């Protein structure tokens with residue numbers, strides 16, 4: 001039995017490619033559409049509005065299609081409250097639960113539209129007491145009121161504005177052919193704008209920062225107050241401390257680029273030294289650790305969270321080896337007015353952080369491998385722009401630009 005429904009969408013539909021995505025999704029589902037009205041915005045600030053009727057071969061296809069179109073900002077023309085169903089038990093919800101995106105979301109509760117708090121992708125929405133909040137499935141408890149289906153849900157995708165504080169200087173196309181200097185200049189401007197507006201900047205960093213000679217430059221950026229929180233794995237801290245104590249990274253003398261005698265043990269010696277001191281902070285306070293990224297973070301009160309993995313040596317005393325705890329600490333740090341995230345050569349941590357961010361938080365990903373940026377975008381972090389270059393060179397240029405802007 002054929003089925004149909006009328007939907008609406010509003011925003012910069014053409015500029016952002018959303019209209020094409022909507023049409024493609026409808027055709028993919030072997031459904032059809034009839035445009036009822038289509039008002040195209042005439043200025044940069046004017047949104048476009050479309051109303052269309054969707055015709056599907058049967059009600060199940062239509063229902064599935066409407067759920068998918070919600071992601072692109074479409075919603076039924078009628079206003080109905082969201083469907084709420086109690087969670088069956090801990091970590092278990094009804095099969096038609098609504099799975100969140102990282103875009104701004106509203107749900108209709110008791111006849112009014114309510115903002116969804118703690119927006120992130122791959123979560124469910126718990127609606128209670130007139131409020132709605134994203135919650136990871138693992139944190140759901142039996143009886144929690146869960147938003148299901150697609151009725152009473154409105155999603156507002158983050159549109160690609162023509163001039164968004166310089167953030168639209170690159171498209172999401174990844175290329176290694178852009179001049180690093182020009183890109184760095186605009187990123188530095190963004191960082192200053194965020195700080196001047198009272199926002200926070202988070203940095204996700206991998207050990208390649210150390211291997212490529214970026215420690216001194218990253219440390220300078222921390223000293224200048226452009227890093228509010230550092231999210232990293234055990235390896236960044238270990239090799240940063242190894243370099244501070246021995247001048248090597250993974251046993252390689254970074255000044256001459258050659259392996260040193262017995263250098264392979266230096267990272268373990270670094271862990272041993274920090275263990276003896278009782279931790280990174282204690283090593284700084286006692287004068288054992290006198291330089292490096294971690295030293296600057298402790299000295300300048302920059303929050304840092306180190307998340308462990310199965311391959312970690314040691315690990316350092318501060319490294320969180322409980323995966324759930326580490327994820328929660330990352331998410332909590334990011335929730336406190338972080339407006340810009342700088343990702344430096346760390347694929348797994350970057351993708352993990354991308355999953356925690358709402359789409360209106362700007363993301364800059366720097367990596368020599370363009371696939372890292374592509375993976376972030378493919379997994380839903382479409383707000384990411386990429387800089388394909390050596391991260392040590394990038395940090396050198398960025399520190400220089402931030403330094404010169406103050407002179």
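Computed from the coordinates by the stated procedures, all read-outs in this text should not be read as laboratory data. Bear in mind the structure is a predicted one, so any value in this text is a computation, not a measurement. Here the Cβ positions follow ideal geometry from the backbone for every residue, glycine too, while neighbour counts run over all protein chains shown.
Secondary structure note: in the chain, about 60% of the DSSP beta bridges are antiparallel. Going from the residue with the fewest nearby Cβ atoms within 10 Å to the one with the most, 255, 190, 321 rank 255, 321, 190. Dividing the helix sum by the residues of the chain, where each DSSP H run of 4 or more adds -39500 (n - 2.57), gives a mean residue ellipticity at 222 nm of -10000 deg cm²/dmol. When you count the other C-beta atoms within 10 angstrom of each residue and take the mean per peptide, 297-305, 267-275 line up highest first as 267-275, 297-305. Each residue in 332, 64, 296 was given a count of other beta-carbon atoms within 10 angstrom of its own, and listing them fewest first yields 332, 64, 296. DSSP beta bridges confined to the stretch 167-404 are antiparallel in about 15 percent of cases. Helix 266-277 and the long axis of the chain differ in direction by around 90°, with both axes built from C-alpha atoms.
What does the C-alpha gyration tensor say about the overall shape of the stretch 15-91? Classify as rounded when a/c is under 1.5, otherwise prolate if a/b is larger than b/c, or oblate. Taking the square roots of the gyration eigenvalues as a ≥ b ≥ c, the stretch 15-91 is prolate.
Shown for 126, 116, 256: other C-beta atoms within 10 Å of each C-beta, ranked fewest to most, produce the order 256, 126, 116.
Our summary gives the stretch 167-404 a relative contact order of 29 percent, counting only alpha carbon pairs under 8 angstrom and 6 or more residues apart.
The mean sequence distance of close C-alpha pairs (under 8 Å, at least 6 residues apart), as a share of the length of the chain, puts its relative contact order at 15 percent.
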